[in-house]
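What follows is a short report on a single structure.
Just so you know, all these numbers are worked out from the coordinates, no wet-lab data involved. Everything numeric in this text was worked out from a predicted model, so none of it was measured. Counting neighbours? That spans all protein chains shown, and the Cβs are built from the backbone with ideal geometry, glycine included.
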Ligand SMILES: *[C@@H]1O[C@H](CO)[C@@H](O)[C@H](O)[C@H]1NC(C)=O
Ligand SMILES: *[C@@H]1O[C@H](CO)[C@@H](O)[C@H](O)[C@H]1NC(C)=O
């Protein structure tokens, strides 16, 4: 008797061993009010029509367990779905035949964070696949973004402020340079005038001396 049970156990386990459930991503990170697509893949048997299909996807958190999605014998059972996910879950019917369970969850809430576990059962076996979802609060990110944006606008403001400032400096330098040039020219002029006048004085004095001598 025990032998038969063991044989049955080995046979069923090796049988269901050919049936695999995978997740395309084991961990998801999303922001509140955004949408996400959770995907499970499972072994399909092309020889057999696997229309007898069961799946139950549930969210496990520290405080509760809620049903995200339920298919019974290939038919969706919306009544099973938890109020939390009402009207927020869409699925791709056409890819289910290819062995893909694709669930689009919209308007994410922080309460959607947790472990998502899908139990799948076809004629080929029964397995489950799980993934984690972490939904961060909207106020956590925008605050950071705002800070970054604020820094950005600040720097742009200082940049825009810096431009007229530098223009002012440029004008100031120009004025100063012109003043310096004028000063140099003036001193040169003065120097020349002085030189000429001293020369004239000299010639005058020589003339005066000559006049004196002639007298
Ligand atoms: C599951 O993942 C394994 C390892 O990555 C891969 O070999 C197998 O084909 C996958 N099966 C399905 C049904 O996605
Ligand atoms: C969720 O994401 C936030 C922000 O990246 C991180 O700080 C936190 O540790 C994550 N929580 C879990 C359970 O992974």
Anisotropy class of the stretch 91-132 from Cα gyration tensor, a/c 1.5 cut
oblate
Go ahead and run the numbers for FRET between residue 72 and residue 136, Cβ-Cβ distance against an R0 of 30 Å, rounding to 0.05.
0.30
How do 138, 83, 32 rank when sorted from fewest to most other Cβ atoms within 10 Å of their own Cβ?
83, 138, 32
For 123, 58, 139, order by how many other beta-carbon atoms lie within 10 Å, fewest first
139, 123, 58
Applying 1/(1 + (r/R0)^6) with R0 = 30 Å to the Cβ-Cβ distance of residue 88 and residue 60, what FRET efficiency is obtained, to the nearest 0.05?
0.95
Going by how many other Cβ atoms sit within 10 Å of their own, how do 36, 71 line up, fewest first?
36, 71
For the pair residue 106 and residue 25, the simple spin-label estimate (label points 7 Å beyond Cα toward Cβ) gives in nm 1.9 nm
Compute the Cα gyration tensor for the stretch 18-151, then decide on rounded, prolate or oblate, letting a ≥ b ≥ c be the square roots of its eigenvalues: rounded whenever a/c is under 1.5, prolate when a/b is larger than b/c in the other cases, and oblate in all that remain.
prolate
